[in-house]
Amino acid sequence: MFFLGGNDLEMETIRQLLIKRGEEVVDDHLGWGAKASTYENQIWDTAANGNVPILVELEVDIDLPGNTVVVDHHGARSGEEASILQIRDILGTEPTRRMQLVAANDVSGFFGLRDFGATLEEIKQIMWEDRKVQGFTPQMEAISAQAVTDAEYVADIDLTIVHLPFSKFAAAKAILWLSGHKNIVCVADDGEIEFQGDGAVAQAVSKEFTSSNPWSGGAGLGHAGRPDAYVGMYADADVLVKFVKAELKAGSWPV
């Protein structure tokens, strides 16, 4: 029995794969940050009936049956295979090119797709599909484009600081990535802030702002010079931006 977490293109692709295979799926169409406790009773009932509960990208915030399988590649498990590839291993199926594209995008975004060997059209298509699943509208795409135009750019550390009225950053990041930029700070009006870029800096931010309960991930997390890492939280934007600038300048991270 598969219990699904926060919805994005990877989770949508996993859902379609499982349904096509005739697997039992429990899906409440949760948002990012989904927790296992949402399905607590169903998880325990599944185990009690002699079946294996398989949790897909659900934060483990409860005690689980001993036979539970947890599929994830975020936080402490950053660097592991994308969840869709872990699911493929469980099912014993070979990945299609589309699965591999979705996996590369989910783990490392633009850089994962580029390094996988995706064409420019494939990169644009997969990133657009991901935004569509996340609920992006044409108006949000236009607002994101204008925000990038108005953004602050610090050339010597390749840092772009973008302010947005909503906490969906994918469109702004896609524009910047396709333009050759790597280190990005996105600040939303509701207080959410995200650094996307150098893995060592992302890890330093996560440690410095522990009290803000940050979330982090990306295959490059913890690795200097790798641009495919991120850390997000609700924090004082000015303080975080100042810290990011200092870390990038002090470390002379490759840009």
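Below are the figures for this structure:
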quantity: Qualifying residue in region 97-110 (condition: out of contact with any helix residue (DSSP H, G or I) (no Cβ under 8 Å at 6 or more places or on another chain) and polar (S, T, N, Q)); calculated: no
quantity: Breaking point among (1) closer than 18 Å to residue 228 by Cα; (2) surrounded by 14 or more Cβ atoms within 10 Å (Cβ to Cβ), for residue 129; calculated: (1)
quantity: Scope region 139-161; condition in contact (Cβ under 8 Å) with a residue 40 or more places away in the chain and either more than 13 Å from residue 186 (Cβ to Cβ) or not assigned by TED's automatic domain parsing to the domain that holds residue 241 (or both); matching residues; calculated: 154, 156, 157, 158
quantity: Residues satisfying the stated conditions in region 42-60, i.e. in contact with a helix residue (DSSP H, G or I) (Cβ under 6 Å, 6 or more places away or on another chain) and without any contact (Cβ under 8 Å) to a residue 40 or more places away in the chain; calculated: 60
quantity: Region 98-146 - residue that is charged (D, E, K, R) and within 16 Å of the chain's Cα centre (by Cα) and, of those, modelled with the lowest pLDDT; calculated: 106
quantity: Qualifying residue in region 213-230 (condition: part of a helix (DSSP H, G or I) and within 25 Å of residue 80 (Cβ to Cβ)); calculated: no
quantity: Qualifying residues in region 132-143 (those that are out of contact with any Lys or Arg (no Cβ under 8 Å at 6 or more places or on another chain) and part of a helix (DSSP H, G or I)) - the one nearest to residue 9 (Cα to Cα); calculated: 133
quantity: Subset tally (residues that are among the hydrophobic types (A, V, I, L, M, F, W, C), within 27 Å of residue 122 (Cβ to Cβ) and assigned to a helix (DSSP H, G or I)) for region 168-201; calculated: 8
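The values are calculated or read from the model by the stated rules, or taken from the named source; none is laboratory data. None of these values were measured; they are calculated from a predicted model. A quick note on method: Cβ atoms are made from the backbone with ideal geometry, for glycine too, and the neighbour counts reach across all protein chains shown.
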